[in-house]
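Written out below as structure tokens is the structure these notes cover.
The values are calculated or read from the model by the stated rules, or taken from the named source; none is laboratory data. Just so you know, these numbers come straight off a predicted model, no measurement behind them. Cβ coordinates were reconstructed from backbone atoms using ideal geometry, including for glycine residues, and neighbour counts include every protein chain displayed.
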């Protein structure tokens, strides 16, 4: 296995000029200052089978898809979601899998930043560039809040029976697939055990309330995407390591559309040895070339009938 070096973006704390709030859909979310730390990232090619979802928190899987085009969101929900749900049950051993959304990315981060240079912080802007800072999509509190909102109190009737067993083990899983072969801005993941809980920093995801919106914001062509008044949610950022060698980062070079990277966003099972969350980020290396990276990530609940969580 080879390694590459890259500067990864860790959290900059508020007392040093950073922030513990993220405002999605506003330009200031693109401008959050962070700490750059040079890290080694191991290429897993040739040893993919050494990495497993309940060992390090992630797995690379060869999984060709029948979904060949990505323009029609409804078709993706009808065709791709069921396919991924079956794959997730097979890989995790879960009894149930329920895909709840997907995100597509295909813009170059540098171009996005250049495009918004003259914009105000509170201008509305939604772009599809890759996330290039280290994060976990949900903190423990954020994941449990999301479960309550979607499974316990949500509109999907097929999820209601699952809420009757609150101690049943459940997890939030990300299934990440290239739409084209990856030649730049690859996604890397950290061994969950190499980043301790006390190195995580909770950040609050906030949306403006309707009464806080300006006329310019309400008249913006992308305003229909803005979730005005949505409740706060919570994710993890990661503090810079005291010893950079302690954080173990991995990627698979040249991933193709026939491959997926499956990783945990949250696992309710808390006993020793089970990875609960996987910090991740895109990164740049000297080998990057070609057009912007294109990818699609699907997020899902998985639930085990025969296992308890919060042990």
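Examine the stretch 151-169 for a residue that is in contact with a strand residue (DSSP E or B) (Cβ under 6 Å, 6 or more places away or on another chain), in contact (Cβ under 8 Å) with a residue 12 or more places away in the chain and assigned to a loop (DSSP other than H, G, I, E, B), and state whether such a residue exists. Yes, some residue in the stretch 151-169 is in contact with a strand residue (DSSP E or B) (Cβ under 6 Å, 6 or more places away or on another chain), in contact (Cβ under 8 Å) with a residue 12 or more places away in the chain and assigned to a loop (DSSP other than H, G, I, E, B).
Working carefully through the options 246, 253, find the one that is without any contact (Cβ under 8 Å) to a residue 60 or more places away in the chain and under 18 Å from residue 39 (Cβ atoms). Walk me through how you get there before you give the answer.
On the way: 253 fails: without any contact (Cβ under 8 Å) to a residue 60 or more places away in the chain.
The match here is 246.
Rundown of residues vs (1) assigned to a loop (DSSP other than H, G, I, E, B); (2) touching a strand residue (DSSP E or B) at 6+ places or on another chain (Cβ under 6 Å); (3) modelled with pLDDT under 95, yes/no style:
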site: 203; (1), (2), (3): no, yes, no
site: 255; (1), (2), (3): yes, yes, no
site: 261; (1), (2), (3): no, yes, no
site: 273; (1), (2), (3): yes, no, yes
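Would you check if there is a residue in the stretch 191-202 being free of Cβ contacts under 8 Å to residues at least 60 places away in the same chain, farther than 30 Å from residue 290 by Cα and surrounded by 15 or more Cβ atoms within 10 Å (Cβ to Cβ)? Yes. Of all residues in the stretch 65-89, those satisfying the criterion of being surrounded by 12 or more Cβ atoms within 10 Å (Cβ to Cβ) and outside any helix (DSSP H, G or I) are 65, 67, 70.
Please go through the stretch 25-39 and pick out each residue that is assigned to a loop (DSSP other than H, G, I, E, B) and under 27 Å from residue 251 (Cα atoms).
The first filter runs over the stretch 25-39 and keeps only residues assigned to a loop (DSSP other than H, G, I, E, B), leaving 25, 32-33.
Within the stretch 25-39, 32, 33 meet the criteria.
May I ask you to say which residue of 47, 6 is touching a strand residue (DSSP E or B) at 6+ places or on another chain (Cβ under 7 Å), in contact (Cβ under 8 Å) with a residue 12 or more places away in the chain and farther than 30 Å from residue 231 by Cβ? When all the criteria are applied, what remains is 6.
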